[in-house]
Amino acid sequence: PYSFDALAGNTNGKDFNPIALYGGGIDFDVIRKGENIGAHSVRFTAETGGLSVHCRVDMKINFLAIFNYRYTYESKSVWIGPKFKMLKATVNDDGKISSMLATQSGSDIHVRVQDKSYKIKGPIIPTDHWNSGVLLQTRVLNTLTGNINNVGLVDNGSEKVSTEEGSIPATRYTYTGDLVDTDVWYDNAGRWVKLRFLGSDGTPIEYICRRCRGGQ
């Protein structure tokens with residue numbers, strides 16, 4: 001749908017500029033059964049010699065007004081061009097807390113998940129979705145589990161997607177392989193503009209853009 005030179009994660013580095021694509025950040029409403037249950041935000045900050053990216057998800061689901069389910073996710077990563085140097089993520093799944101840390105040393109990436117650690121060869125892209133360079137990958141670093149997932153993304157054609165600039169065409173990709181039941185949409189410049197996945201109970205959850213194309 002667009003030249004791979006436009007990807008946020010362009011592997012030669014010359015076009016890797018998420019701030020030019022998204023401005024200072026991205027904001028999605030999280031929708032379940034037509035109800036707004038939370039928000040997903042991404043913030044980009046230019047730093048000396050690199051880029052800092054802060055992601056946060058907050059969700060709350062009410063069940064029959066007697067039980068509340070809470071979920072939060074937070075990550076911070078540091079990027080030098082199209083490669084991340086460090087990524088730390090923490091998940092609070094209704095009181096069950098888990099964390100992971102990934103750091104790059106030379107061509108190796110060291111991953112620590114809870115009390116376990118392993119090493120892989122880089123580069124690899126984390127599953128934060130804003131980096132459309134994932135479309136060129138066959139494996140990803142799962143920031144929720146700390147695992148390496150083998151994936152493929154199937155092009156399902158163009159669809160209309162709601163954004164802060166109104167309805168725009170975007171290409172829907174479906175994850176296959178180790179990650180399933182997940183669809184992600186990118187516009188013709190490589191911006192992440194929508195997400196849909198199945199929750200743990202099988203209910204579809206959608207991310208609807210409030211700001212994803214560099215707007216206010």
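The values are calculated or read from the model by the stated rules, or taken from the named source; none is laboratory data. All values reported here derive from a predicted model rather than from experimental measurement. Glycine also receives a Cβ, built like all others from the backbone with ideal geometry; neighbour counts cover every protein chain displayed. Side chains included, ligands, DNA and RNA excluded: accessible areas come from the protein's heavy atoms. Shrake-Rupley method; radii C 1.70, N 1.55, O 1.52, S 1.80 Å.
Overview of results
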item: Label-point separation in nm, LYS88 to ARG210, each point 7 Å along Cα→Cβ; result: 2.6
item: Ellipticity estimate at 222 nm from DSSP helix runs (n ≥ 4, -39,500 (n - 2.57)) divided over the chain, nearest 500; result: -500 deg cm²/dmol
item: Local electrostatic count, THR145, Cβ distance below 12 Å [Lys/Arg +1, Asp/Glu -1]; result: -1
item: Cα convex hull of the stretch 97-216 - mean projected area over all directions, nm²; result: 8.8
item: Disulfide-incompatible cysteines by the Cβ rule (no partner under 4.7 Å) in the chain; result: CYS55
item: Per residue accessible area of the stretch 99-183, 1.4 Å probe, in Å²; result: 48
item: Karplus (6.51, -1.76, 1.60) ³J(HN,Hα), θ = phi - 60°, over the stretch 179-195, in Hz, Gly and Pro reported as x; result: 10, 10, 6, 9, 10, 9, 10, 10, 7, 6, 10, x, 7, 6, 10, 6, 8
item: In order through the stretch 92-108: 3J(HN,Hα) via Karplus (6.51 cos²θ - 1.76 cosθ + 1.60), integer Hz, x for Gly, Pro; result: 10, 9, 6, x, 8, 9, 9, 8, 8, 9, 10, 10, 9, 9, x, 8, 9
item: About the Cα centre, charge dipole magnitude for the chain (Lys/Arg +1, Asp/Glu -1 at Cβ), debye; result: 460
item: Rounded, prolate or oblate (a/c below 1.5 giving rounded, otherwise prolate when a/b exceeds b/c) for the stretch 110-167 by Cα gyration tensor; result: prolate
item: Heavy-atom SASA rank of MET86, MET100 (probe 1.4 Å, accessible area, largest first); result: MET86, MET100
item: The stretch 45-103 and the stretch 126-202: distance between their alpha carbon centers, rounded to Å; result: 17
item: Among ASN147, ASN68, ASN92, residue whose mean-square fluctuation peaks in a GNM of the chain (springs only between Cα atoms under 10 Å); result: ASN68
item: Computed lengthening from ARG112 to SER52, 0.36 nm per intervening residue step minus Cα-Cα distance; result: 19.6 nm
item: √(5λ) per eigenvalue of the Cα gyration tensor, the stretch 19-176, largest first, Å; result: 26, 22, 16
item: Using θ = phi - 60° and Karplus 6.51 cos²θ - 1.76 cosθ + 1.60, couplings along the stretch 198-209 (whole Hz; Gly, Pro as x); result: 8, x, 5, 9, x, 7, x, 10, 10, 9, 10, 5
item: 5 angstrom amide H check on VAL161, placed H, neighbours 5+ away; result: ILE168, ALA170
item: Efficiency of FRET from Cβ geometry, SER167 and LEU198, R₀ 22 Å, rounded to 0.05; result: 0.35
item: Amide H contacts under 5 Å for ILE37, placed H, 5+ residues apart; result: VAL30, ILE31, ARG32
item: Pairwise label distance in nanometres, ASN36 with ILE97, each label 7 Å out on the Cα-Cβ vector; result: 2.9
